[in-house]
Amino acid sequence: MPSSVGPTIITLGCRLNIAESDAIRALVVDRDVTVVNSCAVTNDAVAATRRAIRRARRDRPAAELIVTGCAAQIDPAHFAAMPEVDRVIGNSDKLNPVAWRSTDPIVVRDIARVLDTAPQLAGGFEGQTRAFVEVQNGCDHACTFCAIPAGRGPSRSATIDGVVAQVAALVAAGHAEVVLTGVDLSSYGDDLSDAPKLGDLVAAILARTALRRLRLSSLDPAVIDAKLFELLTSEPRVMPHAHLSFQAGDDMVLKRMRRRHSRADAVALVDRLKTARPDIAIGADLIAGFPTEDDAMATNTLALINDCDIVHAHVFPYSPRARTPAARMPQVPPPVAKARAQALRAAAERRHRDWLRAQIGTTAEILVERPGTRGHSPGFADVSLPPCPPGSIVTARLTQIEGNQLIGMPL
């Protein structure tokens, strides 16, 4: 049961929202408030936001309830009209202290006119061993299925010096691992005057901080610069884990999505990554049932799981978002999309278990997470442990599989 006083932050959606929720916590630390940080990536995500709002009001009937995030930015009037909601703050102002002091029922600017990055977030993630750092926000691309640009605005990047300073502060606060996040992380630096690449940022963090483990959130397979590729495949402090925004494995579907890579590009990239660093774990976002997708197209995407050795799959049945081009295309019946999504999940689960099975008998450095009985390997395998100090990194022998976890015994 949530506390009856002080802030409660409910986070839906992506790692960027996780990072921003921690910054919001610092802005409302002395207030009796519930904040729902919403997601709008699919219709299901919006529905989950509405359910979270209703549940939050039941759990804390006396607390002020404020909704922020992508769903709030895209449709503020809808959430302001919910009887459970006191105020709505858009993504355009969610990290602005003035907005949180305002009494206006709706504080939402035109996100397309927002050109600043987040004021570099929080100094620590209370109770967490892994910290998330926003280095980029917004997106300048126009994938036909995506409503997120309407919720996040144009692409903008934090400076290298600002990010390095934040990572150094997180290391000083005891965090052993940092995850760099963004809406379109691969476009990092395109808007800055000296146009650094994501690889330049990663190199600066490694050179100028004592961070032990660096991880990257989702990467666009069409834009991985040479320095980033080198660090991702050869630097021990950069975790061997690449999550790639593939979305589909059929060229016609990719074209209709307006993606910037082909199926062959995806397969070639993974081949290069695994040739350079054989233990790298590949993750991917995949959409099932995109408009016009036929059985042959769905089969091509299904085959991508094996062709790209995808062991961490995030699978979504296509969800038409208002005012997006894909919503006007011929739709795949929802039951068909759901069945195809289930087939993708089943194939990904088999690949994941094969990957876990191959690690039995090996050793790995595990970042111990609270409460001290679990953690993650460099490749992001979930590992169950005997009690260990949270925040520590222990070397463990991986002995067996239990459910979707490996069992690790510290050496």
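Descriptive notes on the structure:
- For the range 257-308, the tally of residues that are in contact with a Cys (Cβ under 7 Å, 6 or more places away or on another chain), open to solvent by 40 Å² or more (accessible area, probe 1.4 Å) and without any contact (Cβ under 8 Å) to a residue 40 or more places away in the chain stands at 0.
- Restricted to the range 122-236, the set of strands (runs of 3 or more DSSP E) holding at least 2 residues that are under 18 Å from residue 21 (Cβ atoms) and open to solvent by 30 Å² or more (accessible area, probe 1.4 Å) is empty.
- Residue, nearest to residue 21 (Cα to Cα), within the range 89-104, restricted to residues that are open to solvent by 30 Å² or more (accessible area, probe 1.4 Å) and β-branched (Val, Ile, Thr): 98
- For the range 260-276, a tally of residues being out of contact with any Pro (no Cβ under 9 Å at 6 or more places or on another chain) and part of a loop (DSSP other than H, G, I, E, B) returns 1.
- Subset of the range 237-256 that is open to solvent by less than 20 Å² (accessible area, probe 1.4 Å) and aliphatic (A, V, I, L, M) - its residue that is farthest from the chain's Cα centre (by Cα): 253
- Qualifying positions in the range 309-355 - open to solvent by 60 Å² or more (accessible area, probe 1.4 Å) and under 22 Å from the mean Cα position of the chain (by Cα): 314, 316, 342, 345, 349, 351
- Residues that are among the small types (Gly, Ala, Ser) and surrounded by 24 or more Cβ atoms within 10 Å (Cβ to Cβ) within the range 59-88 comprise 69, 71, 72, listed in sequence order.
- Any hit, the range 381-398, residues being surrounded by fewer than 13 Cβ atoms within 10 Å (Cβ to Cβ) and part of a strand (DSSP E or B): yes
The values are calculated or read from the model by the stated rules, or taken from the named source; none is laboratory data. Since we're looking at a predicted model, the values are computed, not measured. Here Cβ is always computed from backbone atoms with ideal geometry, including for glycine, and neighbour counts include all displayed protein chains. These area figures cover heavy atoms from the full protein model, side chains too; ligands, DNA and RNA do not enter into them. Shrake-Rupley method; radii C 1.70, N 1.55, O 1.52, S 1.80 Å.
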